[in-house]
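The block underneath contains the structure these notes are about, expressed in structure tokens.
The values are calculated or read from the model by the stated rules, or taken from the named source; none is laboratory data. Since the model is a prediction, treat every value here as computed from it, not as a measurement. Note that we place each Cβ from the backbone using ideal geometry, even for glycine, and neighbour counts take in every protein chain shown.
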Ligand code: SAH
Ligand code: SF4
């Protein structure tokens, strides 16, 4: 096993300026890692050799290497990333909008991307439909390992600027179960001289730890939240998400109502649709009732089957009927287009495929 060091991505610019003297060197190094994609201290041409040697004793530049990569026909790229201790996790590069050019080749709409990041290796929540849950919980990611996912994917796709990038915390793990490192990563992403990805462009997806939703809300960071609801009654939700026993639907709805939300925005409710489990109109009806007093938006997700799962992918007709019911009853509702359906799309699937039984 390799020695594990903190990485340069673990620090805000201010923290680096305290760690590295003279502080203007810290600023230069910040530029090297976020704008020139330096992968090692050797890459940093204008930094004195002695300082680089000193820093290399204590820190690594990037704690991640790309262990595997799968590209889908729709432009989605799924990465298996390896950390210093040999553990792996996934991050996904999603192309949300194509670049559009006029007849003269001038770009009038830049391409838009979303990067989906992991926050843990494994997960404690144990959802019965989720492959990540199968291997149990291994460890939290550090803030640097969360930040480095975005830098590594941007670098690999030669994406030079920071415009048109959104971050969703929807990879492996439960972000709110790693709250300290999550909030540190949110701050580092916001750094003006770093990636400059504001909180409004970051969405934290949670399986619904209601006390932690409150905690995140109290910090008032300005991030969006997405709630993985998946069921409208506690019995089914507890079957799908065992920790629903401790954080039931009512407690989540109450926590969402307390969460500070930009007046122009809505809270996203993710609803994983599973055949013959939660795909009926009676469930849609309950969902409308449940979200009555919330500025909500519902995102329906097709369950993506994998070998050994007891659940099935819903029929398209049922999915569409569910969506129509919600829309006809005043809710905004989209169906998540199954990006990367031809690769190992749902979380945990590339890891499982590469490493076998987890
Ligand atoms: N732990 C957080 C963060 C993301 S989990 C949460 O649960 O919200 C990753 C996402 O993948 C969740 O939206 C989850 O619903 C979805 N997911 C997990 N297994 C899936 C599967 N087999 N098919 C489709 N989506 C799945
Ligand atoms: Fe964890 Fe989210 Fe998977 Fe549930 S769906 S086991 S909370 S990663």
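The residues listed here are 262, 279, 293, 337; of these, the one that is at pLDDT below 95 and more than 28 Å from residue 93 (Cα to Cα) is 293.
A residue that is buried (at least 17 other Cβ atoms within 10 Å of the Cβ) and more than 16 Å from residue 213 (Cβ to Cβ) cannot be found anywhere in the range 241-262. Counting only residues that are touching a strand residue (DSSP E or B) at 6+ places or on another chain (Cβ under 8 Å) and under 20 Å from residue 276 (Cβ atoms), the range 301-335 holds 12 of them.
If the condition is being within 8 Å of ligand 1 (Cβ to nearest atom) and surrounded by fewer than 23 Cβ atoms within 10 Å (Cβ to Cβ), then the range 205-227 contributes 205, 226. When the strands (runs of 3 or more DSSP E) confined to the range 82-146 are screened for residues that are away from ligand 1 (no atom under 16 Å from the Cβ), those reaching at least 1 such residues are found at 88-97, 107-109, 112-116. State whether the residues of the range 257-265 include one that is more than 15 Å from ligand 1 (Cβ to nearest atom), outside any loop (DSSP other than H, G, I, E, B), without any contact (Cβ under 8 Å) to a residue 24 or more places away in the chain and over 22 Å from residue 336 (Cα atoms). Taking every residue of the range 257-265 in turn, none turns out to be more than 15 Å from ligand 1 (Cβ to nearest atom), outside any loop (DSSP other than H, G, I, E, B), without any contact (Cβ under 8 Å) to a residue 24 or more places away in the chain and over 22 Å from residue 336 (Cα atoms).
Does residue 26 satisfy the criteria of being in a loop (DSSP other than H, G, I, E, B) and outside the structural domain of residue 113 (by TED's automatic domain parsing)? Spelling it out, it is not the case that residue 26 is in a loop (DSSP other than H, G, I, E, B) and outside the structural domain of residue 113 (by TED's automatic domain parsing).
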